[in-house]
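Participant: So that we are looking at the same thing, I have put the structure below in structure tokens.
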Amino acid sequence: MAGCGKSVLAAETLRNHDLLKDCFPGGVHWVSVGKQDKAGLLMKLQNLCLRLDQDFTYSQRPPFNIEEAKDRLRLLLLRTRPRSLLVLDDIWESWVLKAFDNQCQILITSRDRSI
């Protein structure tokens, strides 16, 4: 299902700022994932953690591995941005979703209908 406008539809849906403020006061956090190996996924998670913790309140260093990044992301979302929406754009493989399993609302786009 490549090129049928999934990402555009998701982005357009998120343009209603009043609705988003009420439903997701913690904000909307968009991650363009794409096809990733473990090192690439770790970089995506590290970047998201950095965006959520810009003043380094929760850590002075980036997470070393995917498990640590997953735990830090969960902590950051629950403590600093409760009721957030995490948008994962262009997921290619289901194992990637496990790294973002963090008890917040998630919207995904994927070429693979089984995901």
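None of the figures in this text is laboratory data; all of them are computed from the coordinates on show. Since this is a predicted model, take the numbers as computed values, not measurements. So basically every Cβ, Gly included, is an ideal-geometry build from the backbone, and we count neighbours across all protein chains shown.
Participant: Do you know the Lys pair count in the chain for C-alpha distances under 13 Å, with sequence separation 8 or more or different chains? Working shown, then result.
Facilitator: Values: Lys35/Lys44; Lys38/Lys70; Lys38/Lys98; Lys44/Lys70; Lys70/Lys98.
Count of close lysine pairs: 5.
Participant: What is the sum of charges, Lys and Arg at +1 and Asp and Glu at -1, for the other residues whose Cβ falls under 14 Å from the Cβ of Arg81?
Facilitator: +4
Participant: Return the Cα extents of the range 3-97 along principal axes one, two and three, sorted largest first, each rounded to a whole Å.
Facilitator: Computed over the Cα atoms, the extents are 35, 30, 18 Å.
Participant: In a shell of Cβ-Cβ distance under 15 Å around Ile108, excluding Ile108 itself, what net charge do Lys and Arg (+1) and Asp and Glu (-1) give?
Facilitator: Residues near Ile108 contribute +1 overall.
Participant: May I pose another question? Starting with the highest mean, order 101-108, 27-34, 71-78 by the number of other Cβ atoms within 10 Å, averaged over the residues of each peptide.
Facilitator: Highest mean packing first, the order is 71-78, 27-34, 101-108.
Participant: OK, next. Relative contact order for the range 1-89: what percent, with Cα pairs under 8 Å and sequence separation of 6 or more?
Facilitator: Answer for the range 1-89 is 43 percent.
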